[in-house]
Number of protein chains: 4
Amino acid sequence: MIGVVGLGYWGPNLARNFAELGRLGWLCDRDEALLGSVAGRYPGTRATTSFDELLAADDVEAVVIATPVPTHHELAKQALLAGKHVLVEKPPAMRAPEIDELVDLAAERDLVLMPGHLLLYHPAVRKLKELIVAGELGDVLCVYGNRQNLGIVRTNENALWSLGVHDLSVILYLLDEEPSEAVAHGRDFLTDGVEDVVFCYLRFPSGKIAHMHLSWLDPHKMRKLTVVGREKMAVFDDMELERKVTVYEKAPWKRTDSYGEWQTRSGDIWIPKVPTDEPLKLECQEFLRLIAGEGDRRKVAEDGARVVRALDKLTESLHG
Amino acid sequence: MIGVVGLGYWGPNLARNFAELGRLGWLCDRDEALLGSVAGRYPGTRATTSFDELLAADDVEAVVIATPVPTHHELAKQALLAGKHVLVEKPPAMRAPEIDELVDLAAERDLVLMPGHLLLYHPAVRKLKELIVAGELGDVLCVYGNRQNLGIVRTNENALWSLGVHDLSVILYLLDEEPSEAVAHGRDFLTDGVEDVVFCYLRFPSGKIAHMHLSWLDPHKMRKLTVVGREKMAVFDDMELERKVTVYEKAPWKRTDSYGEWQTRSGDIWIPKVPTDEPLKLECQEFLRLIAGEGDRRKVAEDGARVVRALDKLTESLHG
Amino acid sequence: MIGVVGLGYWGPNLARNFAELGRLGWLCDRDEALLGSVAGRYPGTRATTSFDELLAADDVEAVVIATPVPTHHELAKQALLAGKHVLVEKPPAMRAPEIDELVDLAAERDLVLMPGHLLLYHPAVRKLKELIVAGELGDVLCVYGNRQNLGIVRTNENALWSLGVHDLSVILYLLDEEPSEAVAHGRDFLTDGVEDVVFCYLRFPSGKIAHMHLSWLDPHKMRKLTVVGREKMAVFDDMELERKVTVYEKAPWKRTDSYGEWQTRSGDIWIPKVPTDEPLKLECQEFLRLIAGEGDRRKVAEDGARVVRALDKLTESLHG
Amino acid sequence: MIGVVGLGYWGPNLARNFAELGRLGWLCDRDEALLGSVAGRYPGTRATTSFDELLAADDVEAVVIATPVPTHHELAKQALLAGKHVLVEKPPAMRAPEIDELVDLAAERDLVLMPGHLLLYHPAVRKLKELIVAGELGDVLCVYGNRQNLGIVRTNENALWSLGVHDLSVILYLLDEEPSEAVAHGRDFLTDGVEDVVFCYLRFPSGKIAHMHLSWLDPHKMRKLTVVGREKMAVFDDMELERKVTVYEKAPWKRTDSYGEWQTRSGDIWIPKVPTDEPLKLECQEFLRLIAGEGDRRKVAEDGARVVRALDKLTESLHG
């Protein structure tokens, strides 16, 4: 069975999904009132305020960690040491050495270590990946994300960590490369040391580049990812209801008779129907599959580490 | 009278405007056929293939330079040395020392040296400036430009110089500061050494920041400038026909009773009517006013130099 | 206390709101399972499958009817005869004589008869009314609604009754007149006798006109109402998240020096912030206010009757 | 050679196109100044203020009529009687008997009588026709046009004749049927007897329906035509620059296992690249082809008559 730890904002959603999948066994939170209120919805589920008790339970095969970010690394480490598979909310750690430690622990014990990068299970992101892998877009040149809004102003986490982690996980998933260069710029306008606006530039060994524009001080509400390929371009716009993915037959083009001069061509635009499956359900199912021995659990852990390493590099650049 | 030099793409528009203002006296281009065809439209105007002849003409008070970019500095210098006022297409020079030389020359001789930053005469940009100066937006925190398109692929000038010069001139005009930090990243995908995609980050002594996203390999057609103020936000979208400027009552907000926590508030949105005057006509009129001794000719020259210096810094960062 | 009758689709929302307002006393539905499931959420509330028992209860001051449309008239009539105030879902009756009978009954007994026209309590509709009453738009010339979608295909109710009732209630509320002419055209493509696409034209004694385009076979998703005034125009677009109401300074215009020729002028566009209050809560509060003797209960009943009479006229035109 | 009559607003465009096609022989206008100014651009072309002289000229094979609407019928009649082929601006006549007379005259003499319905030569309209003919949309159920704007307020021609003629020609072209029912409603707000806002409903023998919403007193700028098919839906939006035609996989749908209940399904959206050819050039080429004996000249004349007959019917309904 699965034990869900941390029942504040996101934990109850994870609990609900594992319950629907018939695998929710334990709930854990230090706050007794919160614990009681969530546990009331799942009769037959055990509840505890003690993480140790959870780890000691024989029927707990895997632990899902949805506690505050600074605790992720320590709790995930304890769970792995106790021999439990781990699904941990993003980011699983805040520094590169910490995530590397977790990845090593999981590898030694052959346990699942899966970070909760929800967007990777979004059908629109899967569609982008599919288009890239099938060669539909040609060589990918550039990927860039816009995550802007007049939104929740955070005071404990800057825009890079609270907004950028989403786009970064997708960018690295789509390109499947680790950046050789990672530069960030931005400013803390409202709270000292917490950047409200951040711009990130990434360059990859293959020559591809990526960019992120992150801000919670913006008049536009944007959650958009653009992929520029040499043959076609594709956009994932999460603010659209029906038009999540758009594929443009737009490309630079060298006419044989134009003496090597670059021109451009524009053709059809195509908006494929994208399934409306709930990403969180797909994420939970993937975790269960990995536990069951399907899929490549090493790759999932390593992909998660790649995101933390890039965030770490970008943070150094931002503050350096 | 005015003499217009360079009758390729843009020169004829300048000629037409000065003709309509009753001030076109001379036309000059090395290409005799081109010269003849344009001159045919303006009976009573003198035409020459010799720049020297133009400079030697007593009735030529001012010279308008619309030749290829690499010739701007040299031609402008000769014109100033010949005692002529100069309106020179952007950028007036490609390196900081060159523009400084021109500014000094103009200052010594008390001549007008005006760079042709067309967007500065766009009524929508004027409206943004007006809003900022009147304090309507509160302190400006961040300005960013998006100039993206699947457009003309240049092979002699990168996206920074061919696209970025527009936004940069507006950003510096709006903020009226010289950047203390100017960083650029990008890549040359199509032609070696010519960046198709460029991202620029600027930081100013006041703490304000700016950003430019420049690309001619993009599925979106964007010509947009966003100003984030502490009280309101404003957007100039040049792809809109009727809604060039939008002002958002959106801002971070600290409730007195929220113990110092930042929140946000959203109010009305306002789309002021912006005049539809042709920017080029306004630019030409401004040049005539400066010649006539109105306005601050030193400031105009110095503002132009500021743009070149920033471009130079960004270029160093991009290639460094 | 309030008794809510009919707990299928909409009734539970009404029950929830009256519970939140501390006034839910009874729940009534013929389906025992349904009744039990809803009643379980409101301890202390009485539940019955018998409408007669509800009407006989002394503590029931008012009845809220959310049963299938064909039963509205009969149930409302019984409730009024039993001396209860009535809030009845739209349309309260399907023929003009039926609604007139209800209005008369309510008037004789001085009871509240309020139809559940939800949109009348939408803050954006209130804003339109406010603009009209304040004379901001000048004389209103024309109002038209677009309610189109590829939506639920109904087989028992045509587009006029299932979609048009919304727009019609708003149009009559805004113009506060009874149409002198009401014409409808349309076709039943999918189910015999049930029009999927309907166009309605209304003309009012004052000379104002109105139109409705109603369809559930449409590629566009529109829920929009446009008001054309002689001085300004205003649009309520319910598909927008943040821009529910837009006011355009657009109008025909006769220049004094143009010898009586009509021209047009366009000025600012203004998107006022509209409160995000839940319309259903406002509707329920209004019902309680009317019961408490505030407001004009006669007008509310009569306004509801006006809508049914217009629907009846349009139906005759459609089928005649 | 071709003779163009009427050189006010539209005539010069026709003259330019026939000149480019090498067929412009004569120009004719009563206004000598106007005639001279246009003729100046086409050396070698003959100019006359006399329509009779034009008709008497042996080298004039065909006449293009771009004079004010009320003169169309009479001038076209004279030209046909003089044995000339005729391209006449829309509408070629204002009453059904008049157009029937012209069609008969042309048929007797085997002359071309082509009305200048520009939109029929728009590549986007051709694409819609192609989709319909190929069966891509399934059976067409409904076509509707929106032509709204705050535009030129006319005082001599109502919205039906000045705006509706465009959409009507396209609707009849797409459906290739003559309406069995044609109803119009609207009002004259600004000039007595000249309707500013008109709604038209058409029903065809096949059961298809059509609608037009026409207005020059509107805050929205719309030039849109929507085709609802039983399998797919298509939209031509002439306000879009790049997305003129959009095809939606949206349709009502009867699942075999749903006991005959209607549901809906939504699939991909497709925006085919539409050529950017100038419609007027295509129209002029079509006229030359018809003169040369290619295509079906009878059908072209008859199609034009169908539009006038429908306009006549709608006018009767509007004023009746």
- For segment D:244-320, which chymotrypsin sites (Phe, Trp or Tyr not before Pro) are in a loop by DSSP, counting at most 16 other Cβ atoms within 10 Å? D:Tyr259
- Per-selection Rg to Rh, segment B:120-179 - Cα, Kirkwood hydrodynamic radius: 1.04
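Express the C-alpha Rg of segment A:117-260 as a ratio against the empirical globular expectation 2.2 N^0.38 Å, rounded to two decimals.
1.13
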- Message: Using the Cα centre of segment C:223-284 as the reference point, and only Cβ charges (+1 on K/R, -1 on D/E), how large is the resulting charge dipole? Debye, rounded to the nearest 20.
- Response: 220 debye
- Message: Using a Förster radius of 56 Å, what is the FRET efficiency between A:Lys299 and C:Glu32 based on their Cβ-Cβ separation? Nearest 0.05, please.
- Response: 0.55
- Query: For C:Asp139, which sequence-distant residues (separation of 5 or more, or a different chain) have an amide H within less than 5 Å of its own amide H, given hydrogens modelled in the peptide plane?
  - Reply: C:Arg230, C:Glu231
- Message: In segment C:35-109, if the dipole is taken from +1 on Lys/Arg beta carbons and -1 on Asp/Glu beta carbons about the Cα centre, which of C:Met94, C:Leu55, C:Gly36 is farthest to the positive end?
- Response: C:Gly36
- Query: Just how large is the dipole of the protein assembly as shown about the Cα centre, in debye to the nearest 20, putting +1 at every Lys and Arg Cβ and -1 at every Asp and Glu Cβ?
  - Reply: 0 debye
- Within segment A:231-320, report the GluC sites (Glu not before Pro) that DSSP leaves as loop and that have at most 16 other Cβ atoms within 10 Å. A:Glu231, A:Glu240, A:Glu242, A:Glu261, A:Glu294
- So what J values fall out for segment D:142-159 if you push phi through Karplus, 6.51 cos²θ - 1.76 cosθ + 1.60 with θ = phi - 60°, rounded to Hz, Gly and Pro as x? 8, 10, 9, x, 10, 10, 10, 4, 9, x, 4, 8, 8, 10, 10, 9, 7, 5
- Label-point separation, C:His319 to A:Asp110 (7 Å along Cα→Cβ), nm: 7.3 nm
- Message: Report the Cα centroid-to-centroid distance between segment D:25-53 and segment C:293-307 in angstrom, as an integer.
- Response: 70 Å
- Query: What does the charge add up to near C:Phe287, with Lys and Arg as +1, Asp and Glu as -1, over the other residues with Cβ less than 13 Å from its Cβ?
  - Reply: 0
- Rounded to the nearest 5, the percent of antiparallel DSSP beta bridges in chain C equals 60 percent
- If you bin the C-alpha pair distances of segment B:190-263 every 10 Å from 0, what whole percents do you get? 15, 30, 32, 17, 6, 1
- Item | Shielding score for A:142-154, defined as the mean number of other chain Cβ atoms within 10 Å | 3
- Query: For segment C:8-60, what is one quarter of the convex hull surface built on the Cα atoms, given in nm²?
  - Reply: 3.4 nm²
- Message: With +1 on the Cβ of every Lys and Arg and -1 on the Cβ of every Asp and Glu, and nothing else charged, how large is the dipole of segment C:172-262 about its Cα centre, in debye rounded to the nearest 20?
- Response: 400 debye
- Query: Taking the alpha-carbon centroid of each part, what is the distance from segment B:159-213 to segment B:78-107 in angstrom?
  - Reply: 22 Å
- Message: Between A:Trp253 and C:Glu74, how high is the FRET efficiency from 1/(1 + (r/R0)^6) when r is the Cβ-Cβ distance and R₀ = 56 Å? Nearest 0.05.
- Response: 0.20
- Stokes-Einstein D for chain C (20 °C, 1.002 mPa s, Kirkwood Rh from Cα pairs), in µm²/s, comes to 103 µm²/s
- Message: Percent of Cα-Cα pairs more than 64 Å apart in the protein assembly as shown, please.
- Response: 19 percent
- Solution diffusion estimate, µm²/s, Stokes-Einstein, segment C:1-111, Kirkwood Rh from C-alpha pairs, 10 °C, viscosity 1.306 mPa s: 115 µm²/s
- segment A:139-263: relative contact order from alpha carbon pairs under 8 Å, six or more residues apart, as a whole percent, is 29 percent
- Message: Suppose you put the label 7 Å out from Cα in the Cβ direction; list, shortest first and in nm with one decimal, how far A:Gly293 is from each other copy's label.
- Response: 7.9, 8.3, 9.6
- Among D:Val170, D:Gly145, D:Thr226, which residue has its Cα positioned farthest towards the positive end of the charge dipole of segment D:120-261, with +1 placed on the Cβ of Lys and Arg, -1 on the Cβ of Asp and Glu, and the dipole taken about the Cα centre? D:Thr226
- Task: Would you kindly work out, in nm and rounded to one decimal, the distances from the label point of D:Gly138 to those of the same position in each other copy, ordered shortest first, with label points 7 Å along Cα-to-Cβ?
- Result: 3.7, 4.6, 5.3
- Most exposed to least, judged by fewest other Cβ atoms within 10 Å, C:Thr49, D:Thr45 sort to C:Thr49, D:Thr45
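Order by neighbour count: A:Lys299, B:Lys232, fewest other Cβ atoms within 10 Å first, most last. Kindly include the intermediate steps, with their values, before the conclusion.
Values: A:Lys299 11, B:Lys232 20.
Going from least to most buried by this count: A:Lys299, B:Lys232.
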- Mind checking which lysines have their Cα closer than 17 Å to the Cα of B:Lys221? Skip sequence neighbours fewer than 8 apart in that chain. A:Lys224, A:Lys232, A:Lys250, B:Lys244, D:Lys244, D:Lys273
- Query: In whole Hz, what ³J(HN,Hα) sequence does segment A:110-116 give by Karplus (6.51, -1.76, 1.60; θ = phi - 60°), x for Gly and Pro?
  - Reply: 6, 9, 7, 10, 10, x, x
- Query: Peptide C:185-191: average number of partner chain Cβ atoms within 10 Å per residue?
  - Reply: 6
- Message: For chain A, what does the relative contact order come out to in percent, with C-alpha contacts under 8 Å and a separation of six or more?
- Response: 17 percent
- Count charges around D:Arg230 for me, please; just the other residues with Cβ under 15 Å from its Cβ, Lys/Arg as +1, Asp/Glu as -1. -1
- Among the lysines, which fall within straight-line cross-link reach of C:Lys299, defined as a Cα-Cα distance under 17 Å, with same-chain neighbours fewer than 8 residues apart omitted? C:Lys90, C:Lys129
- What nm distances, shortest first, do you get from the label point of A:Lys77 to those in the other copies when the point sits 7 angstrom along Cα to Cβ? 6.4, 7.8, 10.0
- Identity and axial distance of the chain C residue whose Cβ lies nearest the axis relating C to B, Å: C:Trp270, 3
- For segment C:172-320, what is the convex hull volume of its Cα atoms per residue in Å³? 193 Å³
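Evaluate peptide D:219-230: per residue, the Cβ atoms of other protein chains within 10 Å of its Cβ; return the mean as an integer. Please list the in-between numbers first.
Working: counts 16, 7, 2, 0, 0, 1, 0, 5, 1, 9, 2, 3.
Shielding by partners across D:219-230 averages 4.
Computed from the coordinates by the stated procedures, all read-outs in this text should not be read as laboratory data. All values derive from a computational prediction rather than experimental measurement. Please note: Cβ atoms are built from the backbone with ideal geometry, for glycine as well, and neighbour counts cover all protein chains shown.
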